[in-house]
1. Tell me the angle of helix 15-32 to the major Cα principal axis of the chain, expressed in degrees between 0 and 90 and rounded to the nearest ten.
2. Calculate the FRET efficiency for Gln47 and Asn13 from the Cβ-Cβ distance with a Förster distance of 22 Å, rounded to the nearest 0.05.
3. Restricting to DSSP H runs of at least four residues, report the calculated mean residue ellipticity at 222 nm for the chain, -39500 (n - 2.57) per run over all residues, nearest 500 deg cm²/dmol.
4. With a ≥ b ≥ c taken as the square roots of the eigenvalues of the C-alpha gyration tensor of the chain, please select rounded if a/c is under 1.5 and otherwise prolate if a/b is larger than b/c or oblate if it is not?
5. Which order results if Phe9, Phe32, Phe27 are arranged by neighbouring Cβ count within 10 Å, fewest first?
6. Along the Cα-to-Cβ line of Glu78, 7 Å from the Cα, sits a label point; which residues in segment 42-64 have backbone N less than 20 Å from it?
7. Take the chain, mark every one of the trypsin sites (Lys or Arg not before Pro) that falls in a DSSP loop and has at most 12 other Cβ within 10 Å, then report the longest stretch left between them, sites excluded.
8. Output wanted: per-residue J couplings in Hz (rounded whole) for segment 41-46, from phi through Karplus 6.51 cos²θ - 1.76 cosθ + 1.60, θ = phi - 60°, x for Gly and Pro.
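Taken together, the values in this text are just the output of simple stated rules run on the coordinates, not laboratory data. All figures in this text were calculated on a predicted structure; none of them were measured in a lab. Don't worry about glycine lacking a Cβ; one is built from the backbone with ideal geometry, like all the others, and counts go over all protein chains shown.
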Amino acid sequence: MTDYVFELFIAGNDLLGKRAIKNIKLFCENTFQDNYTLDIIDIEIKQELAGKYRISAIPTLIKKKPLPEMRILGDLTETDQLTMELNLDLD
């Protein structure tokens, strides 16, 4: 069982989405090793999920676990800011 669960919403093959995928994969591997799950959701393919999860901008990262759920917008370049915004206790 993984302790961290993330969903990254992107739209097609745009540059920001590609950057966000690269950045979150690197961040998760460096931070959580094998203790995470990351789902990439393309809202051009799964349009119904954009409405279900109220996605209004892309890319959007949702931290599902551990609670509380958190949302981060953008290409996820700034790892220090990402750690702080996700309220991760990494000590």
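1. Rounded to the nearest ten degrees, it is 20.
2. According to the calculation, E is roughly 0.90.
3. Only helices count here, giving -10000 deg cm²/dmol.
4. prolate
5. Phe32, Phe27, Phe9
6. 57-63
7. After excluding every exposed loop site, the longest remaining stretch is 1-45.
8. Residue by residue, segment 41-46 yields 10, 8, 6, 6, 8, 10 Hz.
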